[in-house]
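K.L.:
Below is one structure. I have some questions about it.
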Amino acid sequence: MIDTLRRTRELDSLSDEYDREADDRNLINELHERIELLDEPDRSIVKLQLEGYNYEEIAERTGLMVKNVSVRLVRVKNSLRSYFL
């Protein structure tokens, strides 16, 4: 997500005092805030994926079908992407 946001920004408009690390931290914080606003079980699914669990492990932990986990993650990612773009 962060890489996508970086690609969409105009590099010419950045000043010499631009702090990329601070900007990345702000984007990551904003992404985490948006994740916290998600409904359950979407929030849990996203957090489990961020912790490194695969679809099968997430399905096992949440009681959902693997296909349902996959579909929910695609929808959440698209929603987050549209918010940031």
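K.L.:
Looking at LEU85, is it touching a Ser or Thr at 6+ places or on another chain (Cβ under 7 Å), of a type in the set (A, V, I, L, M) and at negative phi?
P.N.:
Yes, satisfied.
K.L.:
If you don't mind, there's one more thing I want to ask. Of all residues being among the hydrophobic types (A, V, I, L, M, F, W, C), part of a helix (DSSP H, G or I) and touching a residue at least 12 places away in the same chain (Cβ under 8 Å) in the range 60-85, which is surrounded by the fewest Cβ atoms within 10 Å (Cβ to Cβ)? Just the residue, please.
P.N.:
Ranking the qualifying residues of the range 60-85, first place goes to PHE84.
K.L.:
Then there's this: Quick one: would you say THR8 is surrounded by fewer than 15 Cβ atoms within 10 Å (Cβ to Cβ), touching a Phe, Trp or Tyr at 6+ places or on another chain (Cβ under 8 Å) and modelled with pLDDT under 95?
P.N.:
no
K.L.:
Kindly establish whether LEU31 is modelled with pLDDT of 95 or more and aliphatic (A, V, I, L, M).
P.N.:
Judged against the criteria, LEU31 is not a match.
K.L.:
Something else about it: Can you say whether ASP42 is of a type in the set (Asp, Glu), surrounded by 11 or more Cβ atoms within 10 Å (Cβ to Cβ) and modelled with pLDDT under 95, as far as the supplied structure shows?
P.N.:
No.
K.L.:
Quick check: is even one residue across the range 45-54 surrounded by 11 or more Cβ atoms within 10 Å (Cβ to Cβ) and closer than 15 Å to SER79 by Cα?
P.N.:
The answer is yes, given that some residue of the range 45-54 is surrounded by 11 or more Cβ atoms within 10 Å (Cβ to Cβ) and closer than 15 Å to SER79 by Cα.
The values are calculated or read from the model by the stated rules, or taken from the named source; none is laboratory data. This structure is a prediction, so every number in the text was calculated from the model and none was measured. So basically every Cβ, Gly included, is an ideal-geometry build from the backbone, and we count neighbours across all protein chains shown.
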